[in-house]
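Accompanying notes for the structure given below.
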Amino acid sequence: MTTTDLPAPRARAAGTPAAGPPARRRREGAAWVFLSPWVLGASVLTLLPMAVSLYLSFTDYDLFNPPHWVGVRNYTQMFTEDPRYWRSVGATLGYVVLAVPLQLAVALAVAVALKSVRRGKGFYRSAFYAPSLLGASMSIALVWRAIFNDGGTVDDLLGTGGWVNRPGWALLAVALLTVWQFGSPMVIFLAGLQQIPAELYEAAAVDGAGRVRRFLSVTLPMLSPVLFFNLVLQTIQAFQVFTPAFAVSAGKGGPADSTLFYTLYLYDRGFVASHMGYASAMAWVLLLAIGAVTLVLFRTSRSWVFYADEEAR
């Protein structure tokens, strides 16, 4: 074959940039220009404060004097010399174990009920989602404290006394505030329910499965990825809860440290007692604990989360 037999190179279309290194560098430069606000914000508002916090966790710092390096003393004191620290860990774990399953159960039950509603569906969705829009604000938490306090609504109806003043009931009162704000996981559950093929329910009904069996054998397996997503998200948020416990206990974590959540004790050590180095160490332990719990959830999800595309492969 001679050179005359080779196909002639096609002319580059007008306006098409060259594919060489200069053009690639120009495209990369344009991308970095658009990314620069996010990179700058992440560096200044997230990465830099994290680095400073990590340094302070190894120092004795009281916000008024220069930090003094003490090595791992904050961590050893935390684990071996501070009984209130372990009470805060216990209160937080109790809250997570109590509030997260209750909130997800209520959210799923409401989502299943709303899925079959024909008239006024938009109104009911908005009404159930409204508490989540309020968030864990101080005003809502104070109203909650008034409801569960001595002489409050619950006391008038049940005659059980003020829940927020009883160690065995204060934690439940705070957990119910979280359960009441189930709108966000409810919407996610509702979106997942609408993606389940109707043919699966029809096949189960033909086989004689009742409502309970269809829910256990069809709804839950098909909804397990959404359930797992909500579980991870709500668990992470539960470990960081602060405002409800602060308002219900007037910032003290009482009664008898029953609502002394981890973040509340961290706030007390850092901004009340001015032990910012100790509080920074607590914050890093919390970060590692949340990461470990999330990792455990992902590892255990392999045994109960069902993905339809994996079944197809």
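No lab work stands behind these numbers, since they all come straight from the coordinates. Because the structure is a prediction, the values reported are computed rather than measured. Here Cβ is always computed from backbone atoms with ideal geometry, including for glycine, and neighbour counts include all displayed protein chains.
Miscellaneous remarks
- For the stretch 254-274, the residues whose amide N sits under 17 Å from a probe point set 7 Å from the Cα of ASN165 along the beta carbon direction are 254-259.
- Qualifying trypsin sites (Lys or Arg not before Pro) in the stretch 35-135, DSSP loop, other Cβ atoms within 10 Å at most 15: ARG118, ARG119
- Taking each residue as 0.36 nm, the span from PHE123 to VAL44 lengthens on full extension beyond its C-alpha to C-alpha distance by 24.2 nm.
- Annotation: extensible slack from VAL52 through ASN65 equals 3.1 nm (criterion: 0.36 nm per residue apart, minus Cα-Cα distance).
- With neighbour counts taken as other beta-carbon atoms within 10 Å, the residues SER258, SER303 rank, fewest first, as SER303, SER258.
- Compactness of the stretch 82-312 as Cα Rg over 2.2 N^0.38 Å, two decimals: 1.17
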